[in-house]
Every structure is written in structure tokens, then in C-alpha cells.
Amino acid sequence: MKFMKMKHFLRTAITFSMLVGISIESVSAEYLFTAPPRETPVQGKNTYGPLVKELSRLMNAPVTYKHPGNWHAYKSKVKSGKYDFIFDGPHFAAWRLQNLGVNPLVKLPGALSFVLVAKANNDFVNKSDDLITRKICVLPSPHLGTLSIYSLYPNQMRQPRFISSKGGMKENFDKFKAGRCDAVMLRDSYFEKKISHQERKDLKVVAKTKAMTNQGITISKRISRAKQVEINRFLTSPKGTIAASNLLNRFSKANATFITSQKSDYIGQNLLVENMIFGW
């Protein structure tokens, strides 16, 4: 009888300890969301905070937005698999799919491509090869547009002089207009929509990069496939659009919604491998 009581006691104790362990694990689990350091920590929290709050609800566990600090920290933390949700460009996502086994979740509609623009009266520059040894204004690597332009010149002995400067497309374009370089890298949509028709008459496109899939969110493999499907359904729903409205309004004003992304979207998009010399 004593043996039976002891056996029952042990079984109860083991079951209780397992339940406590499960409870502690669920409470202590934390998932991290990040994006490239294109904004300050405060701006990042405003942009991604409402979305992260909804992800916490869906995960039934804390999801925290972490600003990476700077590009060097972003690179090392992304490569180490520190984050569970990442919103960034297709070149980063393609690298993670290939090397970390993450899954694509959702993306912005449309594609990303870039143009090299020169002044129309520059008779010496009419195609991309004419810019070898000449100056091109670009944004700092690993900006997708910059890596796309690098890929036009695979021979390191026959390349332009890349003039890299902080700022955005407008600042880059202003430096080109001021004569700092012979050509400038611009997003094709910026060239077509942000530069007036009259001003475009004095410019010419000398090269265009191949189109790549738009920015999106990838999700780590430690999150179950069932949960990934649930999150995807939410993010592509009207409620998901509201939760992500700050992000969508900043990066996709014309098409403010997420769409489902597939692994096939990222085939051949890993410019980081092609451009290892630039620090990835």
C-alpha cells in the first residue's frame, strides 16, 4: 500500500513539474522583430510597434521590436539568426532563405528596380560601360540599389568610381545635379514620379537593373508552420492591413497591403553573395 501511494505521489509530482515547465516556457518565450536601421529607434517603434503588438497577440507570447543600432550590428545579428521576424529587402531575405532556413511570410506588392541616370547633354555617357572609371552617386552598401548597380560591373578591374553618401534618393540626386558625379542611381519609380517631366527632359537613362521582388517579412523556422499560416492569414486580411498601416504607408503608399510571398520569389535575388567584397 505504501508503495502504491509513493508511486502515485511520484507520478503526480512529475506531471506537476512538467506542467510548470511548460507554463514557464510559454511565459518566458520571447520573439524578436527587426528591420534595417533606416530610422531612429523611436521612428522604428512608431513604424513597427502596432504590428508587433498584434504579432504578440497571435503568438500568445511577447514579440518585441529591436532596433539593430547600426548596419554592422544588423549584419552580425541577422547572420547569427537572432531575430524571428525581419522586414527588409529581397537580397537580405534571399540570403536568409538560403543560409538560415527561414520562410517567406508576406511582402509588399510590386517590384524593385533601379536606373542609372546621366545628363542628356553628356555625350560621353550613353550606356553603363561608358561609366567605367567615371563617378556614380550611390547610397551606402548594402542598399539594394547600390548592390544592383555593383552587379552591372562584375569585373573589379573595370568599374566606375562609386561615390557613396548618406541620405535618400533626393540627396543623392541633388549631389548629381551639383556635378559631384557623372551619373546617379535612382529608384525607377522615383525617377518617373518624383522628378518633374520638364526636368526629365534634361536627363537620360543609361541603364536599368533587373526587377526584384519587393520588401517583405520573413519568419524563423522555430515558429511552427501552423502558426506561420495563421500569421500570414492575419497579415493579408483587412485587420492585418490596419495593424501594419504605419509600415505600409511608409513603404507602399500606392498599394497599402501585404500579399503572400513564396520561396520562388527569391530565386536569384541574393546579391549579397555576388557582392561579398562589399562587406556582407
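Could you calculate the FRET efficiency of LYS193 with GLU30 from 1/(1 + (r/R0)^6), where r is the beta carbon distance between them and R0 is 30 Å, rounded to 0.05?
0.15
Would you please give the FRET efficiency between ASN60 and LYS208, computed as 1/(1 + (r/R0)^6) with r the Cβ-Cβ distance and R0 = 35 Å, to the nearest 0.05?
It comes to 0.15.
Just to be sure I understand the rule: take each whole DSSP H helix in the chain, project its Cα atoms onto its long axis, keep it if the span is 30 Å or more and its mean Kyte-Doolittle hydropathy is at least 0.5. Which ones pass?
For the chain, where a helix must reach 30 Å along its axis and average at least 0.5, the hits are 2-28.
Kindly rank 159-167, 203-211, 179-187, 89-97 from highest to lowest mean number of other beta carbons found within 10 Å of each residue. Spell out each step's value before the answer.
Numbers: 159-167: 14.4, 203-211: 17.2, 179-187: 21.1, 89-97: 23.4.
Top to bottom by mean Cβ count within 10 Å: 89-97, 179-187, 203-211, 159-167.
Counting only DSSP beta bridges with both residues in segment 114-209, what percent are antiparallel, rounded to the nearest 5? Before the final figure, lay out each step's value.
Working: 10 of 16 bridges.
Bridges in segment 114-209 are about 60 percent antiparallel.
Report the label-to-label distance for LYS79 and SER113 in nanometres (one decimal), using points 7 Å from each Cα along the Cα→Cβ vector.
Simple spin-label model gives 3.2 nm for this pair.
Quick check on my link table: of LYS135/LYS263; LYS135/LYS210; LYS45/LYS210; LYS177/LYS204; LYS66/LYS210, which ones sit more than 25 Å apart, alpha carbon to alpha carbon?
Distance filter (> 25 Å) returns LYS135/LYS263; LYS45/LYS210; LYS66/LYS210.
So what is the orientation-averaged projected area of the chain, using the convex hull of its C-alpha atoms, in nm²?
18.4
Rounded if a/c is under 1.5, else prolate if a/b is larger than b/c, else oblate: which is segment 183-241, with a ≥ b ≥ c the root eigenvalues of its Cα gyration tensor? Mind showing how you got there, number by number?
On the way: a/c = 5.81, a/b = 2.68, b/c = 2.17.
Note, shape of segment 183-241 comes out prolate.
Roughly how many nanometres apart are two label points built 7 Å out from the Cα toward the Cβ at LYS45 and LYS127?
If labels sit at LYS45 and LYS127, their model points lie 5.3 nm apart.
Kindly provide the helix-only [θ] at 222 nm of the chain, computed as the sum of -39,500 (n - 2.57) over DSSP H runs of four or more divided by all residues, to the nearest 500 deg cm²/dmol?
Taking each H run of at least 4 residues, the total per residue is -12500 deg cm²/dmol.
Among GLN228, GLN215, GLN98, whose mean-square fluctuation peaks in a Gaussian network model of the chain (Cα, cutoff 10 Å)?
GLN98
Only Cα pairs under 8 Å and at least 6 apart count here; give the relative contact order of the chain as a rounded whole percent.
Normalised by residue count, the contact order of the chain is 28 percent.
Which three extents, in angstrom, do the Cα atoms of segment 114-209 have along their principal axes, listed largest first?
37, 29, 22
Every number here is computed from the coordinates shown, using simple stated rules; none is lab data. Note that this is a predicted model, so its numbers are computed, not measured. When we count neighbours, we look across all protein chains shown, and the Cβ atoms used for this are built from the backbone with ideal geometry, even at glycine.
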